[in-house]
Amino acid sequence: MLSKKIILPVFMVSLFFTGLILLNAQQAVAADPNLSIGSRGNAVVEVQQALNAKGYWCGNADGIFGSKTHSAVITFQRDAGLGVDGIVGPQTQKALGLHSSSPASVPSRGTRTISLVATGYCPCAKCNYPYGGQPSYLGYPLKKGIVAVDPQVIPMGSRLYIEGYGSAIAADQGNAIKGNRIDLCFSTHQEALNWGIRTVRVTVY
Ligand SMILES: [Zn+2]
């Protein structure tokens with residue numbers, strides 16, 4: 001008798017939180033700052049993918065703006081006849097074919113904690129069908145510490161801390177990993193099975 005009365009409010013509350021997560025994700029996408037050495041996140045992944053696609057190899061698109069990315073930006077800026085400063089601002093983004101940022105936008109650097117439904121997987125063929133044996137989306141080998149996320153919720157390349165699992169990097173994606181879902185890589189299939197399905201708090205840096 002009691003349960004029917006509870007289900008609707010719980011549903012409404014979860015809709016509210018889903019909305020909050022989506023709102024945060026939109027802000028993260030909208031924030032489009034000048035990127036330079038030390039910058040991290042989805043915007044850096046986009047820049048790295050664009051550089052690699054244009055033949056300015058900067059390593060795996062890991063979302064971390066390091067010295068390789070910096071050198072690739074400088075070479076690209078020189079070739080494109082732009083001001084050579086190693087900083088990816090609106091003009092360089094435009095030349096790379098990325099949308100240009102509005103000067104008013106401010107990078108979102110805040111740490112946030114969200115509640116996600118976490119499942120486990122491992123590098124085996126069963127867990128990765130039909131991609132068995134392939135590395136993660138960002139090119140890292142699959143192992144403990146690599147997790148699959150919905151990039152609309154958590155930018156690829158984000159550093160994470162996951163309750164009950166530990167430190168991780170958002171380096172993979174999965175067909176079933178949408179919205180408030182996260183998939184945690186374990187060393188063995190048995191460990192992945194032991195994890196089962198849990199709701200955990202995830203801190204996104
Ligand atoms: Zn497995």
**Study point:** Within the range 90-144, tally of residues that are surrounded by 16 or more Cβ atoms within 10 Å (Cβ to Cβ), modelled with pLDDT of 95 or more and more than 16 Å from the ligand (Cβ to nearest atom)
**Key:** 2
Check your understanding: How many residues does the range 129-173 contain that are in a loop (DSSP other than H, G, I, E, B) and among the hydrophobic types (A, V, I, L, M, F, W, C)?
Key -> 5
**Study point:** Residue tally, condition within 16 Å of the ligand (Cβ to nearest atom) and over 12 Å from Thr119 (Cβ atoms), over the range 154-174
**Key:** 1
Exercise for review: Look through the range 180-195, keep the residues that are in a helix (DSSP H, G or I) and either surrounded by 22 or more Cβ atoms within 10 Å (Cβ to Cβ) or touching a residue at least 12 places away in the same chain (Cβ under 8 Å) (or both), and return whichever of them is nearest to the ligand (Cβ to nearest atom).
Suggested key: His189
Review point. What residue, of Gly81, Gly55, Gly59, is more than 29 Å from Pro141 (Cβ to Cβ) and surrounded by fewer than 20 Cβ atoms within 10 Å (Cβ to Cβ)?
Key: Gly81
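The values are calculated or read from the model by the stated rules, or taken from the named source; none is laboratory data. In this text the structure is predicted, and so the values were computed from the model without any measurement. Here Cβ is always computed from backbone atoms with ideal geometry, including for glycine, and neighbour counts include all displayed protein chains.
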